[in-house]
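The values are calculated or read from the model by the stated rules, or taken from the named source; none is laboratory data. Everything numeric in this text was worked out from a predicted model, so none of it was measured. Cβ sites come from the backbone with ideal geometry, for glycine too, and all protein chains shown count toward neighbours. Just so you know, the surface numbers come from the protein's heavy atoms only, side chains and all, with ligands and any DNA or RNA stripped out. Shrake-Rupley method; radii C 1.70, N 1.55, O 1.52, S 1.80 Å.
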Amino acid sequence: QVETLKEKLLEQSQEISRLRSELGGTDAEKHRDLLAAENERLRQEMKALEGELQRQQQAPCRDCPHLQENAELQEQLSQLQREAEETRARLVELDLEVQQKTNRLAEVELRLKDSLAERAEEEERLSRRLRDSQETIASLKSQPQQIKYIIKTVEVESAKVKQALCETQSRNQYLQEQVGMQKQVLKEMEQQLQSSQKTEAQLRAQIMMYEAELERAHGQMLEEMQAMEDEKNHAIEEAFSRAQVEMKAVHENLAGVRTNLLTLQPALRTLTHDYNSLKRQVRDFPLLLQETLRSARAEISQAIEEVHSTNRELLRKYRRELQLRKKCHNELVRLKGNIRVFGRVRPITKEDGEGPEAANAVTFDADDDAVLHLLHKGKQVSFELDKVFPPQASQEEVFQEVQALVTSCIDGYNVCIFAYGQTGAGKTYTMEGTAANPGINQRALQLLFSEVRGKAADWDYTITVSAAEIYNEALRDLLGKEPQEKLEIKLCPDGSGQLYVPGLTEFRVQSVEDINKVFEFGHIKRVTECTNLNEHSSRSHALLIVTVRGLDRSTGLRTTGKLNLVDLAGSERVGRSGAEGSRLREAQHINKSLSALGDVIYALRSRQGHVPFRNSKLTYLLQDSLSGDSKTLMMVQVSPAEKNTSETLCSLKFAERVRSVELGPVSRKAELSSWPSQEHLEVLKILLGDSPGSSAPAGRGHASPSPGQLSSRSASIRRKLHTSG
């Protein structure tokens, strides 16, 4: 079989050589040679034509108009040459493909030879092992017979050789064991022989498979070679026919060129004139381009300016509408009696540390100063308040937004401003400030004095100040002689339902110096301690109560306004603040009172019949401010640090809930004093709409004023009342 395979391989090699020789002399190569000869002839003819054209150009017809046509013919000729080169490249590709097929066939032959050589070596090795086994078996078969013979001969020996007999028997047993081992080896050899036979069968199957693969590859190669030859012949024929057609067209064009060379001179002169004109236009083109660019820039600038002016106008209108909407919203809030909520974000400080925990998590809306955004756990949460102050906002800017509430205290309204937020958020700074940069408290009193001085011509005002704190659910007087004395909150005995604190010290202030003394005295007695979250943490709720009593000297109108400025202690998590002992007890009381404040806000927001004001001293003291008889503003203070986002989120959610509470319209505390004179009584009746003659008794001795005097006086009084109200 190996010899047969070798003969088949030899025949296939001869077939491949024959196919190669046949490929070398095909019609395609003959056509290729013909095309090469034709190309050479065309190249020579082209050179001759170029020489003739050069001679004609040197002749008097140098400006011949057929030069362009000649160039076109040369371009067509070069295109024909490129197509011929492409045909040659195609032939080279076909030759390479045939060579690749031949190499694949050679690789198959090498693999077949290697497998046959391995099979021959395996058969030779198995044959040697079989011969060795047969020789061993033959030697073993011959040896036991000799031993049996010796045993028989020993049996007739004398008793003297019994010892030799025992040794011979042991030797015989050893040899029998050896025979058994050889039989086992023989059995293994037979098994190996069977496996070798199986391997031989597998090799034969592989050889048959290789032969089939070889025949299939040979058939595919013949088919591919035939297809490539047909394709090559077809391509050569197409290229040859196309070249003939194109050469015929070239010959015809050359004949036309020869006939038209004499008529090209006028056209060439025309082209020269056109060329000179184009040259002048190209020389003038940069100036035209610059002029066009200047006009385009001017138009674009004008359009941009128009767009900018339109944008500015739209932005102005948008801001005007935003201010109008805010004004209407504030008016609606005033009519409904909603609690106004302002938010203030403190700057990042060194106490916040460094790193990711100190990153800024609060952003602001550039178009709406009432919206801020908080980034909490990767999600952005938006909150809308009445006004939001960024970290760069000054104390003066904050007070400008609240000064309208402060001045309404002079007109007889109750006003409450309280600061809410976590510990270290800047509540005390907003309410009290520093000596160089005072907060709402001191600026409010300064504004009150300024307004009082402005109305001094018609009004008499008395301003009194009280300061108290709620420390561990105990109300203490910060201006009294005994600050540790606990005070109680009681209802006024006049039946008005108002609350007051018996024994609370009141100082009458008449100047800014009096204000500074009161603040300094009260600040010293307020309880502050150092915690992990705040170096000067307020451990109590501080209340500054400003009472303004006014009397209009011309009308006898009396007004009483009360301004409550509350600095709440900050909520804190005991685990973070590290409070222990008394600090822990203070934190528990603070959180309890703030929780009671949240319960009151929830009850007011849900319009429940019972509001738990008495659950805490703080809510009980703020009952007047939260029960609809006061203009109330909450200043929520938040920290922008990433580590405080949980507390900031809670504070802003609480602020939104507070903002939705409606307390109802606010009433003014004003009353008329007793007027004994008849003139005052008549003026009062005029104000009430009664005629002066019907209300005066007939027997009084006072002279009744004329109608003109009464009307002028009533108008003056109405103007004063309108100004004061």
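Taking the stated definitions as given, is Lys379 under 20 Å from the mean Cα position of the chain (by Cα) and either within 16 Å of Met635 (Cβ to Cβ) or of a type outside the set (A, V, I, L, M) (or both)? First the steps, then the outcome.
Working: under 20 Å from the mean Cα position of the chain (by Cα): yes; either within 16 Å of Met635 (Cβ to Cβ) or of a type outside the set (A, V, I, L, M) (or both): yes.
Yes.
May I ask you to verify whether Arg62 is open to solvent by 50 Å² or more (accessible area, probe 1.4 Å) and at pLDDT 70 or above? No, not satisfied. Within the stretch 390-410, residues that are closer than 18 Å to Val452 by Cβ reach partners that are open to solvent by 20 Å² or more (accessible area, probe 1.4 Å) and outside any loop (DSSP other than H, G, I, E, B) with beta carbons closer than 6 Å, at six or more positions or on different chains, in the pairs Phe399/Arg443; Gln403/Leu447; Leu405/Lys631; Val406/Leu447; Thr407/Glu451; Ile410/Glu451. For beta carbons closer than 7 Å, sequence separation of 6+ or different chains, a first residue in the stretch 370-383 that is closer than 29 Å to Arg319 by Cα and a second that is exposed (fewer than 11 other Cβ atoms within 10 Å of the Cβ), the qualifying pairs are His373/Gln380. Mind checking which residues of the stretch 321-351 are modelled with pLDDT of 80 or more, surrounded by 10 or more Cβ atoms within 10 Å (Cβ to Cβ) and in a helix (DSSP H, G or I)? Answer for the stretch 321-351, where residues must be modelled with pLDDT of 80 or more, surrounded by 10 or more Cβ atoms within 10 Å (Cβ to Cβ) and in a helix (DSSP H, G or I): just Glu351.
Restricting to the stretch 548-558, what's the tally of residues that are part of a strand (DSSP E or B) and open to solvent by 10 Å² or more (accessible area, probe 1.4 Å)?
Filtering the stretch 548-558 down to residues part of a strand (DSSP E or B) leaves 548-552, 557-558.
Remaining after also requiring open to solvent by 10 Å² or more (accessible area, probe 1.4 Å): 549, 551, 557-558.
Number of matching residues: 4.
Report yes if Arg280 is under 22 Å from Leu73 (Cβ atoms), in a helix (DSSP H, G or I), open to solvent by 70 Å² or more (accessible area, probe 1.4 Å) and not β-branched (Val, Ile, Thr), otherwise no. No, not satisfied. Has the stretch 530-538 got any residue that is closer than 23 Å to Leu621 by Cβ, in contact with a helix residue (DSSP H, G or I) (Cβ under 9 Å, 6 or more places away or on another chain) and modelled with pLDDT of 85 or more? Scanning the stretch 530-538 turns up no residue that is closer than 23 Å to Leu621 by Cβ, in contact with a helix residue (DSSP H, G or I) (Cβ under 9 Å, 6 or more places away or on another chain) and modelled with pLDDT of 85 or more.
Restricted to the stretch 223-255, and to residues that are closer than 30 Å to Glu7 by Cα and free of Cβ contacts under 8 Å to residues at least 24 places away in the same chain, which residue is least open to solvent (accessible area, probe 1.4 Å)? Break it down into steps so the answer makes sense when it comes.
Kept after step one, since they are closer than 30 Å to Glu7 by Cα, are these residues of the stretch 223-255: 223-229.
Next, only the ones that are free of Cβ contacts under 8 Å to residues at least 24 places away in the same chain stay: 223, 226-227.
Details: Glu223: 128, Gln226: 95, Ala227: 55 Å².
The residue in question is Ala227.
Could you tell me whether the stretch 472-479 includes any residue that is small (Gly, Ala, Ser), assigned by the TED database to the domain that holds Ala436, without any contact (Cβ under 8 Å) to a residue 40 or more places away in the chain and out of contact with any helix residue (DSSP H, G or I) (no Cβ under 6 Å at 6 or more places or on another chain)?
The initial filter retains those residues of the stretch 472-479 that are small (Gly, Ala, Ser), namely 474.
Still in the list and also assigned by the TED database to the domain that holds Ala436: 474.
Still in the running and without any contact (Cβ under 8 Å) to a residue 40 or more places away in the chain: none.
Checking the stretch 472-479: not a single residue is small (Gly, Ala, Ser), assigned by the TED database to the domain that holds Ala436, without any contact (Cβ under 8 Å) to a residue 40 or more places away in the chain and out of contact with any helix residue (DSSP H, G or I) (no Cβ under 6 Å at 6 or more places or on another chain).
Return yes when Thr199 is loosely packed, with under 13 Cβ neighbours inside 10 Å and part of a helix (DSSP H, G or I) and no when it is not. Taking the combined requirement at face value, the residue does not satisfy it.
Sort out which residues of the stretch 370-389 are assigned to a loop (DSSP other than H, G, I, E, B) and either crowded, with 17+ Cβ neighbours inside 10 Å or aliphatic (A, V, I, L, M) (or both), and write them in order of number. Hits for the stretch 370-389 are Ala370, Leu385, Asp386.
Take the residues in the stretch 297-320 that are farther than 30 Å from Val341 by Cα and hydroxyl-bearing (Ser, Thr, Tyr), then tell me which one is least open to solvent (accessible area, probe 1.4 Å).
Ser309
Considering (1) over 29 Å from Asn360 (Cβ atoms); (2) of a type in the set (Gly, Ala, Ser); (3) in a helix (DSSP H, G or I), the lone condition that Ser646 does not fulfil carries the number (1). Of all residues in the stretch 91-102, those satisfying the criterion of being open to solvent by less than 90 Å² (accessible area, probe 1.4 Å) and either under 59 Å from the mean Cα position of the chain (by Cα) or farther than 30 Å from Gln226 by Cα (or both) are Val92, Leu94, Glu97, Lys101.
Please work out if His218 is in a helix (DSSP H, G or I), out of contact with any Gly (no Cβ under 8 Å at 6 or more places or on another chain) and modelled with pLDDT of 85 or more. It is false that His218 is in a helix (DSSP H, G or I), out of contact with any Gly (no Cβ under 8 Å at 6 or more places or on another chain) and modelled with pLDDT of 85 or more.
If His610 passes every condition in (1) under 25 Å from Gly426 (Cα atoms); (2) at pLDDT below 90; (3) not acidic (Asp, Glu) but one, which one does it miss? Condition (1) is where His610 drops out. From the list Thr292, Thr310, the one residue that fits, being closer than 30 Å to Asp367 by Cα, part of a helix (DSSP H, G or I), of a type in the set (Ser, Thr, Tyr) and under 55 Å from the mean Cα position of the chain (by Cα), is Thr310. Ser301 satisfies every condition listed in (1) over 30 Å from Glu83 (Cα atoms); (2) among the polar types (S, T, N, Q); (3) modelled with pLDDT under 85 except (3). Of Arg131, Arg119, all but one fail to be in a helix (DSSP H, G or I), at negative phi and at pLDDT 75 or above; the exception is Arg131.
Just checking, does the stretch 583-600 include any residue being over 21 Å from Thr505 (Cα atoms), among the hydroxyl-bearing types (Ser, Thr, Tyr), assigned by the TED database to the domain that holds Cys416 and modelled with pLDDT under 85? Scanning the stretch 583-600, I find no residue that is over 21 Å from Thr505 (Cα atoms), among the hydroxyl-bearing types (Ser, Thr, Tyr), assigned by the TED database to the domain that holds Cys416 and modelled with pLDDT under 85, so the answer is no.
Criterion first (touching a Phe, Trp or Tyr at 6+ places or on another chain (Cβ under 6 Å) and under 26 Å from Ala404 (Cα atoms)) does Leu626 satisfy it? Before you say what the answer is, go through the steps one by one.
On the way: touching a Phe, Trp or Tyr at 6+ places or on another chain (Cβ under 6 Å): no; under 26 Å from Ala404 (Cα atoms): yes.
It is false that Leu626 is touching a Phe, Trp or Tyr at 6+ places or on another chain (Cβ under 6 Å) and under 26 Å from Ala404 (Cα atoms).
A quick yes/no check of all residues on (1) in a helix (DSSP H, G or I); (2) under 30 Å from Arg90 (Cβ atoms); (3) of a type in the set (S, T, N, Q); (4) touching a helix residue (DSSP H, G or I) at 6+ places or on another chain (Cβ under 7 Å):
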site: Ile236; (1), (2), (3), (4): yes, yes, no, yes
site: Ala239; (1), (2), (3), (4): yes, yes, no, yes
site: Gly256; (1), (2), (3), (4): yes, no, no, no
site: Leu261; (1), (2), (3), (4): yes, no, no, yes
site: Thr272; (1), (2), (3), (4): yes, no, yes, no
site: Phe285; (1), (2), (3), (4): yes, no, no, no
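When each of Gln422, Gln446 is tested for being open to solvent by 40 Å² or more (accessible area, probe 1.4 Å) and in the same structural domain as Gln637 (by the TED database), the lone residue that passes is Gln446.
Flag: Arg294 matches the condition of being surrounded by 10 or more Cβ atoms within 10 Å (Cβ to Cβ), among the charged types (D, E, K, R) and modelled with pLDDT of 85 or more.
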